[in-house]
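What follows is a single structure, written as C-alpha cells, with notes after it.
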Amino acid sequence: MHLAIRFHHIVSLLLIMTLLVSCATNPVTGRQELSLVKVSTEQEVELGRKTFPVAIQQSGGRYPDEALQDYVNAIGKRLAQGCERPDLPFQFAVVNDSTPNAFALPGGQIAITRGLLVNLTNEEQLAAVLGHEIGHVTARHAVQGINRGVLLDLGMTVLASAGADGDYAALSLQAGQLTATLLDRTYSRTQEADADRLGINYMVIAGYDPQGAVELQEFFSREVEGWRSGNQLEKLFRTHPFSSDRLKQNRAYLASLPSATITDKAHRTTNFRRATTRLRDTREAYARHDKAVALERQGHPRDAIVLYLKAVTTAPNEALLRHSLGMAQLRAGDRIAAKRQLRQAVLLDENDYQSRLGLGYLYQLEANYRRALLHLRAAQKLLPTTRGAYLLAETFEKTGQPAAALGYYRQVAAQEPQTTLGQAAAARIAQLTESHGAAQ
C-alpha cells in the first residue's frame, strides 16, 4: 500500500477518534487530563527516538566535550532512577547553543544548552534543571501537547512511518517539523509547578541538596528584568514560564519536606568544576561569537568578521566558531578563507550538519559537484532540511541526473508550497518534466 494512502487512512481514523473525547487521570500528577488519542509508552519512546537526534542538530549539535557529556548523562541517570518511570530509556546531552535553555522530548530524551550550563555554579543547580525536565517526561507533558492540533497530525504521521515503505527523506522532514514544534511549545504554569515539585523529589531521593532548585529559581528571578530588555533567557522563559509565585511555591514545598539526607556535596562541587572547565575556558570566545552574530544581523559584516576571528583565535578547536566565521567570509565573497574555516570545522566535528551544508554549498559554487554531493548528502542525513534538499536537487541537475533532481525538488515543493524556495522548486519540476518527460 502506498504511504500516501496509509497516511489518508490514519488521518481519517484520527478524525473519528477526536469525536471520542475522554479524560484520564495522570498517575504521576493525579490530575484529570484531556485525552483525544492514546499514546502508549512504546509510541512515546519511539517519538523520542526519532526526534532527539533532530533536536540536537536543530540546537547547534552536541557540545564537543565527551567528558562533560558523560558527566551530565550520569547525573541525569542517577536522578531518573528515583522517578516514577525509571524504565524509560533516559538520555541526557549538552547541546552547543548559547541560548540558556533545557528541553525534554517524549520517552526520556533530555538536553541542556551550553548557554544555561555555563551560568550554573554547582552540581545541585544542574540536578535541579535535569530533575525538572525529568518531571516533564514522567508527567507526559510533551505527550499531552501531542493530543492537540498540528502536533497530533505530525506525531501520528511520524509514528506511522515506523517500518513503512516510502520516502525516508520526506518523512524525516516531517520529523523535523514535529521536533521544532515540540521544542517551541510552551508549558503551562501548572505543568511547570508539577515539574518543579517532581524534580525536587528526585533530587532528594538522589541525595542532592534540594536548595539547589531554589537557587536555580533565584537565578531566573534575577534575570527576569534583563530578559524583558533583550536578555538571552527569552526563549527559556517563553517555553518555561517563570513567575515570582513559582519561586515562592518552591520555597514553600522545600519547607514542607522532612530534612533531606545530603551526600557527597563537597565532592560533587569539585566534580562540577572539573567537568565544566572547557565551558568556562571558551565562554569569552562564545561571547564574542554571539556579539558577531548580532553585528551581522544589524548589517555590519566586516565588524562581525573581526569578532569571529578573535573568537576563533581564543578557542581554535571549537567547530561552531569556525563554521560561523567561514559562512560570514563566504557571504562577504572570500571563498578561499571560507573554505579554510569550513573544512576545519568539519574536521573538528564531522557530525555537524551546518558545517557540512555550508561546505557543500561552497563546493557547488565552485562547480566541484563531487565534493558538493559528498557534504550535502552528509548534511541531509544528519538533519534533513528543505534548503539541503534544494541544494542537492540543484547539484544533481547540474551533473545531468534529472531523475534524482526531481525527487528532491518534489520534496521541497510538497513541504513548502507557499515559500519562495517551494515555488522555485515547483518551477524547476515543471521545466525538468517538460524537458525530460513526465516519467522522470
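No value in this document is a laboratory result; all are computed from the given coordinates. Note that this is a predicted model, so its numbers are computed, not measured. Reconstructed Cβ throughout: ideal geometry from the backbone, glycine too, with neighbour counts over all protein chains shown.
Under a Cβ-only charge scheme (Lys and Arg +1, Asp and Glu -1), can you give me the dipole magnitude of region 263-308 about the Cα centre, in debye to the nearest 20?
Values: 11 positive and 6 negative charges, 53 e Å.
For this selection, approximately 260 debye.
Projected area of region 273-371, taken from the Cα convex hull and averaged over every viewing direction, in nm²?
Details: hull surface 25.9 nm².
The directionally averaged projection comes out at 6.5 nm².
Based on the Cα coordinates of region 45-146, what is the per residue volume of their convex hull in Å³? Each step should come with its number before you reach the end.
Details: hull volume 9.1 nm³, N = 102.
Per residue, the Cα convex hull of region 45-146 comes to 89 Å³.
What is the gain in length, in nm to one decimal, between residue 340 and residue 189 on full extension, counting 0.36 nm per residue of separation less the C-alpha to C-alpha distance? Working shown, then result.
Values: separation 151, 0.36 × 151 = 54.36 nm, distance 4.79 nm.
Stretched fully, the residue 340-residue 189 segment lengthens by 49.6 nm.
Shape verdict for region 38-84, please, from the Cα gyration tensor: rounded (a/c under 1.5), prolate (a/b greater than b/c) or oblate.
Cα axes put region 38-84 in the oblate bin.
Applying 1/(1 + (r/R0)^6) with R0 = 25 Å to the Cβ-Cβ distance of residue 399 and residue 419, what FRET efficiency is obtained, to the nearest 0.05?
Values: r = 25 Å, r/R0 = 1.02.
The computed FRET efficiency comes out at 0.50.
Contour minus end-to-end for residue 70 and residue 430, with contour as 0.36 nm per residue of separation and end-to-end as the Cα-Cα distance?
Numbers: separation 360, 0.36 × 360 = 129.60 nm, distance 5.06 nm.
So the chain would gain 124.5 nm between residue 70 and residue 430.
Most exposed first by the Cβ proxy, i.e. fewest other Cβ within 10 Å, how do 334, 245 rank? Could you put the intermediate results ahead of the total?
Values: 334 15, 245 10.
By the 10 Å Cβ count, ascending: 245, 334.
What number comes out for the charge environment of residue 266, summing +1 per Lys or Arg and -1 per Asp or Glu over other residues with Cβ under 14 Å away? Working shown, then result.
Working: positive: 265, 268, 273, 274; negative: 123, 124, 209, 264.
Computed value for this residue: 0.
In vacuum, with every alpha carbon of region 56-110 counted as one equal point scatterer, what does the Debye formula give for log10 I(q)/I(0) at q = 0.13 Å⁻¹? Two decimals, please.
So the normalised log intensities work out to -0.33.
Taking the number of other C-beta atoms within 10 Å as the exposure measure, put 244, 324 in order starting with the fewest.
Values: 244 10, 324 27.
Ascending number of Cβ neighbours within 10 Å: 244, 324.
Can you flag which of 265/291; 77/339; 50/77; 38/265; 38/248; 77/248 are past 31 Å Cα-Cα? It would help to have the intermediate numbers written out before the result.
Details: 265/291 36 Å; 77/339 41 Å; 50/77 20 Å; 38/265 42 Å; 38/248 35 Å; 77/248 28 Å.
265/291; 77/339; 38/265; 38/248, as the Cα separations exceed 31 Å there.
What is the log10 of I(q)/I(0) for region 291-440, computed with the Debye formula using one identical point scatterer on each Cα and no solvent, at q = 0.21 Å⁻¹?
After summing over all Cα pairs, the log10 values are -1.20.
Under the 0.36 nm per residue contour assumption, what length would be gained going from the current alpha-carbon distance of residue 331 and residue 244 to full extension? Provide the component values of the computation, followed by the final result.
Values: separation 87, 0.36 × 87 = 31.32 nm, distance 4.44 nm.
26.9 nm is the gain from fully extending residue 331 to residue 244.
What list do you get for 92, 272 if you sort them by fewest beta carbons within 10 Å? Please report the intermediate quantities before stating the final value.
Values: 92 25, 272 20.
Neighbour counts put them in this order, fewest first: 272, 92.
So, counting K/R as plus one and D/E as minus one, what does the shell of residues with Cβ under 14 Å around residue 402 add up to? Show your work: numbers first, answer last.
On the way: positive: 398, 410, 428; negative: 394, 397, 434.
Computed value for this residue: 0.
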